[in-house]
């Protein structure tokens, strides 16, 4: 087993779904098989406009031939292991190249950096993971610039990988995953409720919206931003109970079982559609929306 880097881009020609599978040609089979049972980091190349750099982590469960494409294989991702980084990590920063293993003996970037699948050292893995999962910075600045506030403020101890270096048990912690998921989703929606359009900030400078899974974790919903919505309390309650849902084009659907449909309609965005993140890759995926309509929505 060993750590690896998988290159993925949102406009990929391959049949990839990062939280579920990674498609690759035979030439990378040995490298991918070396990652079975261990963690890989997803990386989006620098030549991609507005690149996310190193943007997520997942664990490879097994590798199988792709039944729909001769000569191609699928790395199947362990359910529930995928996690978007709180902070996408750039290929280079003020300290130089983040993934030191792509440098040659002369200290220059080698052709290895172009490989779609490549092994990564434990030190490089720990470095990228520490940067990617650091969620110690507040989502919004404190109104009064102070760390001590009243009201709804929730104290959060920063995630420090130094204490868990060489151990990835923390990646399975629901507490850690929920915190990272909240940060990623709220950032995508600018801390604004997708259903009501409201951006409510409490007295402590904290956004009063939650990061809701479209397909719940209990139903094998992954911690990927496209399976998330930023929702205020009432909208979250209604969404979880199937009183509202979304069509694939993000039209807000109101259940006929709602006792006050006109009131609900007045409560939602005036154009009848949910707010969408700026990045297409961050918008609710039709696969998850369809699951919610079929399993939760009380049509």
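P(r) of the stretch 168-250 in 5 Å steps, Cα pairs, percent per bin?
3, 15, 23, 26, 18, 9, 4, 1
Let me have the 222 nm mean residue ellipticity of the chain computed from DSSP H runs of 4+ only, each contributing -39500 (n - 2.57), with the sum over all residues rounded to the nearest 500.
-5500 deg cm²/dmol
Just to be sure I understand: of the beta bridges DSSP finds with both ends in the chain, what percent are antiparallel, rounded to 5? Could you put the intermediate results ahead of the total?
Numbers: 34 of 40 bridges.
In the chain, approximately 85 percent of DSSP beta bridges are antiparallel ones.
Rounded if a/c is under 1.5, else prolate if a/b is larger than b/c, else oblate: which is the chain, with a ≥ b ≥ c the root eigenvalues of its Cα gyration tensor? Provide the component values of the computation, followed by the final result.
Details: a/c = 2.23, a/b = 1.44, b/c = 1.55.
It comes out oblate by the Cα gyration axes.
First measure r as the distance between the Cβ atoms of residue 38 and residue 199, then evaluate 1/(1 + (r/R0)^6) with R0 = 41 Å and state the FRET efficiency to the nearest 0.05.
0.55
Roughly how tilted is helix 122-132, in degrees to the nearest 10 and between 0 and 90, from the longest Cα axis of the chain?
Relative to the chain, helix 122-132 is tipped by roughly 20 degrees.
Fewest first, what order do 199, 47, 298 take by the number of other Cβ atoms within 10 Å?
47, 298, 199
If you fit an axis through the alpha-carbon atoms of helix 174-188 and take the longest principal axis of the Cα set of the chain, what angle between them do you get, 0 to 90°, nearest 10?
On a 0 to 90 degree scale, this one is about 70.
Which part of the stretch 285-299 falls in the paramagnetic zone of residue 256, meaning amide N under 13 Å from the point 7 Å along Cα-to-beta-carbon?
Residues passing the 13 Å test: 298-299.
By count of other Cβ within 10 Å, fewest leading, how are 89, 63 ordered? Before the final figure, lay out the partial values.
On the way: 89 22, 63 16.
If I rank by nearby Cβ atoms, fewest first, I get 63, 89.
Calculated FRET efficiency, residue 299 and residue 234, Cβ-Cβ r, R0 22 Å, to nearest 0.05?
That pair, residue 299 with residue 234, gives E of 0.65.
Averaging sequence separations of C-alpha pairs under 8 Å and six or more residues apart, then dividing by the length of the chain, give the relative contact order as a whole percent.
14
Order of 97, 5, 64 from fewest to most other C-beta atoms within 10 Å?
Lowest to highest Cβ neighbour count: 64, 97, 5.
For the pair residue 290/residue 217, report the inter-label distance in nm, with labels modelled 7 Å from Cα in the Cβ direction.
2.6
Once both axes come from the Cα atoms, what is the angle between helix 286-295 and the longest principal axis of the chain, in degrees from 0 to 90, rounded to 10?
50
Each reported figure results from applying straightforward, stated rules to the coordinates on display, with no laboratory input. Since this is a predicted model, take the numbers as computed values, not measurements. Every residue, glycine as well, gets a Cβ built from its backbone with ideal geometry; the counts of neighbours run over all protein chains shown.
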